[in-house]
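Notes follow once the structure below has been shown.
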């Protein structure tokens with residue numbers, strides 16, 4: 001009790017300090033700030049429901065700074081200092097954070113995070129804040145804000161908001177915002193039983209629209225119910241098409257990951273005939289290179305990621321050369337020994353990463369321009385990181401095709417694989433070609449690692465998860481054929497994603513494996529078998 | 001006759017007593033010599049390589065730190081403690097072999113170890129056969145109580161059930177997606193939760209979605225999109241995640257990329273702690289939930305001491321603590337207390353002494369060992385923050401005692417475990433009043449397998 005009292009006293013004291021400090025400014029500002037501080041002080045309580053009421057009070061205060069406060073509260077940046085002031089944290093990296101005064105917006109320099117107390121919120125408050133900000137933003141001069149606000153209002157319009165909304169729609173200049181607001185109003189109309197709303201909502205794919213229409217379809221008013229049913233069936237039709245497109249995208253994306261992981265193997269195993277069980281660990285090294293790059297270039301994840309592409313290639317290629325020179329060259333023509341030796345190498349590399357770096361996963365940051373998704377319509381949006389990986393896989397594939405078809409190295413590789421003795425007698429240095437080919441295959445595995453670091457864990461086990469899939473793709477596609485790897489990877493990805501919704505992830509994987517086993521029985525040399533005499537051997 | 005007897009009796013007693021005393025003194029002195037020479041051996045059975053190394057390595061370090069602290073404080077019974085570390089390499093049969101090695105060759109006095117349920121099931125027969133002590137620190141699916149195992153992690157009623165009640169009562173969730181990795185813990189937990197949701201809260205079949213994925217699953221596009229559609233039907237929806245280990249990072253990444261926000265569809269996880277979040281950029285995950293019995297953000301002096309000691313021990317400023325570490329902290333202190341109480345490290349004596357022992361936990365309360373070899377724990381719900389920590393938004397008013405046999409499964413609800421004399425039974429059937437032995441456990445398992 002006494003503590004509470006002294007806290008109150010302290011507050012009063014501080015209040016008077018703020019008031020006197022600003023005595024020279026006009027009297028209205030002074031009164032405003034005192035009121036504002038009171039509003040913010042109300043937020044600094046333990047109970048979430050009391051915070052909710054404080055948020056409402058801020059919203060109704062008509063203070064121009066209200067939106068900024070609510071936004072920084074939502075972002076967790078509204079904090080209280082030890083001496084009872086409220087500040088907005090501008091950047092929360094590191095130990096000392098630059099802050100600005102929440103009342104005056106004046107920068108206050110850096111403060112230690114130990115001296116700051118965040119005003120915590122939970123999910124209910126987050127929802128309340130977003131709705132509150134949406135209502136404020138309806139009147140914002142910024143089009144982007146109005147757009148976000150309008151989509152937020154779908155299904156949230158009540159009687160109070162309906163009246164000003166129709167007026168706002170009439171005055172709105174941006175077509176997108178007007179469309180959204182009309183939909184929001186129409187949902188309200190449908191919910192209150194007006195037929196007009198159903199007509200407006202026809203064709204919209206937004207989930208809130210569907211919820212409103214399904215409710216209307218069960219209503220007692222048969223005219224509305226019929227209209228809603230009709231609108232719903234056309235929406236369902238449209239949704240099915242979108243769902244199909246989405247599955248196709250998922251399949252292509254999974255396929256591109258498989259292609260990336262397998263394409264390096266298609267060179268070392270497919271072209272050279274070396275069973276390299278450490279292929280997965282070369283992928284892992286590529287991913288760790290990305291992590292290391294980001295450590296070297298803090299604050300620039302995007303640049304680091306782009307630089308990791310050559311770096312990851314180089315690291316994996318060098319390790320590949322070491323493996324080839326150190327082990328594989330001595331085991332030429334002995335596949336079983338190669339398999340065992342490279343499996344050993346894979347375990348060594350894994351444990352090396354565990355001991356040297358950490359057994360724990362490393363955080364690889366996804367740059368801003370790769371996060372989120374590209375919204376096509378209300379029912380279909382494509383995730384950006386996967387789109388980049390899909391594009392990257394195609395570029396890598398194209399580059400490899402060029403190297404194999406158009407360069408001297410490619411020519412030599414093809415010559416050596418088709419007939420080693422003949423190639424050597426023509427003056428090709430087969431050993432050098434072996435090294436270069438293995439380095440190329442390993443380097444591509446490193447590239448796969450750079451891409452995978454954006455999709456999955458960067459940890460010691462990363463490679464293990466992809467080695468089986470990689471062999472599967474190469475064998476299915478036809479050993480020694482790059483096109484086969486591309487087609488096999490993409491089609492396995494699509495088959496997997498089509499099966500997954502009704503079979504479940506576990507069963508889908510099993511079905512794909514069984515399918516491949518049966519397929520290999522029928523066509524042992526895969527989709528695109530290698531032609532010519534060399535392939536017979 | 002009677003007088004004679006009366007005369008002889010005290011004498012015999014006296015003689016007996018002297019003999020006994022002499023024996024006791026001799027015994028004690030030989031024991032004392034042995035004690036001075038030998039340190040107390042503490043076995044640590046955690047994977048340091050392979051897939052589970054990510055989670056288990058820190059637990060090995062935790063036990064080593066606790067041993068070091070105990071030794072600095074003068075050891076136990078005047079003896080020093082010595083850690084015996086083995087590496088079962090995330091290989092379940094190897095767990096059994098290593099446990100045998102610890103008990104038969106190294107003759108350790110106690111084992112701290114295991115993470116996955118399947119590894120615990122592998123070790124169980126060995127520990128029972130060789131009469132060892134095993135402290136198991138991870139939340140698990142329940143349906144087990146062994147004479148030789150002490151479960152310091154949460155049983156389902158100490159994590160899953162309170163978490164679901166929080167979602168229903170405090171958040172107002174009406175629709176549940178139960179998503180998990182395909183193995184024994186998620187399957188059993190989800191069965192319990194499904195029964196609980198339907199029977200206790202009248203949730204309809206169509207409002208429960210259940211999905212399993214393989215270990216290390218990395219392509220979550222389809223499942224996340226399914227969850228999104230599941231949540232778009234107009235009822236407040238939440239995801240209950242029993243996804244294990246590595247698979248969580250791609251899952252959460254996909255969630256944020258597909259724009260599923262915690263305010264729309266919160267995900268409450270039972271296997272995601274501070275440790276797992278170190279591999280994720282938590283910015284987009286703010287507001288997703290986890291249910292544990294301990295969070296690093298717990299605001300108590302004991303916890304701050306523990307964190308400081310841990311940071312000193314690891315030499316890593318950014319080192320995090322998590323729930324299973326606290327479980328080892330509690331388990332280790334309980335064992336030490338029981339050894340002190342029994343005056344010996346003898347397994348049978350410690351087993352009897354430990355029941356009822358209460359030691360402080362890190363969240364400002366006490367953990368007590370119950371007769372069913374489970375402990376009392378508070379249940380905390382935390383929301384993910386952008387710094388990778390959890391903000392505690394709710395907690396049970398008092399601690400909850402672990403229940404070995406779930407009350408929500410047929411076949412299991414009639415069983416209780418009590419390792420005190422005279423019952424000494426891990427699966428006592430209260431309906432037919434007998435210690436069920438293998439039949440009751442089999443029935444429960446058969447019911448699970450349905």
Worksheet item: Hey, fewest Cβ within 10 Å first, where do A:139, A:288, B:212 land in order?
Response: A:139, B:212, A:288
Fill in: Tilt relative to chain B, helix B:2-37 - C-alpha long axis, 0 to 90 degrees, to 10
50
Practice prompt. Using only Cα atoms, tell me the angle between helix A:2-21 and the longest principal axis of chain A; keep it within 0 to 90° and round to the nearest 10.
Written response: 80
Discussion item. Can you compute the helix-only [θ] at 222 nm over the protein assembly as shown? Use -39500 (n - 2.57) per DSSP H run of at least 4 residues, normalise by all residues, nearest 500 deg cm²/dmol.
Written reply: -18500 deg cm²/dmol
Worksheet entry | Shielding by partners - mean other protein chain Cβ count within 10 Å, residues of A:346-358 | 2
Practice prompt. Could you work out how far helix B:184-201 tilts from the main Cα principal axis of chain B, as a 0 to 90 degree angle to the nearest 10?
Written response: 70
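Which of the peptides A:291-297, B:318-324 is most tightly packed, and how do the rest follow, going by the mean number of other Cβ atoms within 10 Å of each residue?
On the way: A:291-297: 17.6, B:318-324: 21.0.
Most protected by this proxy first, the peptides run B:318-324, A:291-297.
Hey, got the average number of other protein chain Cβ atoms within 10 angstrom for residues in A:505-511? Spell out each step's value before the answer.
Details: counts 10, 8, 1, 3, 3, 1, 0.
Mean inter-chain Cβ contacts per residue within 10 Å come to 4.
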Fill in: FRET efficiency, residue A:219 to residue A:171 (Cβ-Cβ, R0 30 Å, nearest 0.05)
0.40
Response to the item:
Each residue of B:386-393 has, on average, a number of other protein chain C-beta atoms within 10 Å of its C-beta equal to 3
Worksheet item: Can you work out D for the protein assembly as shown in µm² s⁻¹ from Stokes-Einstein, where Rh is the Kirkwood radius over C-alpha pairs, the temperature is 4 °C and the viscosity is 1.567 mPa s?
Response: 40
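Take A:97, A:69, A:483 and order them by how many other Cβ atoms sit within 10 Å, fewest up front. Numbers along the way, then the final one.
Numbers: A:97 19, A:69 23, A:483 14.
Ascending number of Cβ neighbours within 10 Å: A:483, A:97, A:69.
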Worksheet item: Could you give the distance between the Cα centres of the range A:433-474 and the range B:108-184, to the whole Å?
Response: 36
Worksheet item: Most exposed first by the Cβ proxy, i.e. fewest other Cβ within 10 Å, how do B:390, A:519, B:112 rank?
Response: A:519, B:390, B:112
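Since every read-out is calculated from the coordinates, none of them should be taken as a lab result. Everything quoted here is computed from the prediction, not taken from an experiment. Positions of Cβ are backbone-derived with ideal geometry, glycine not excepted, and every protein chain shown enters the neighbour counts.
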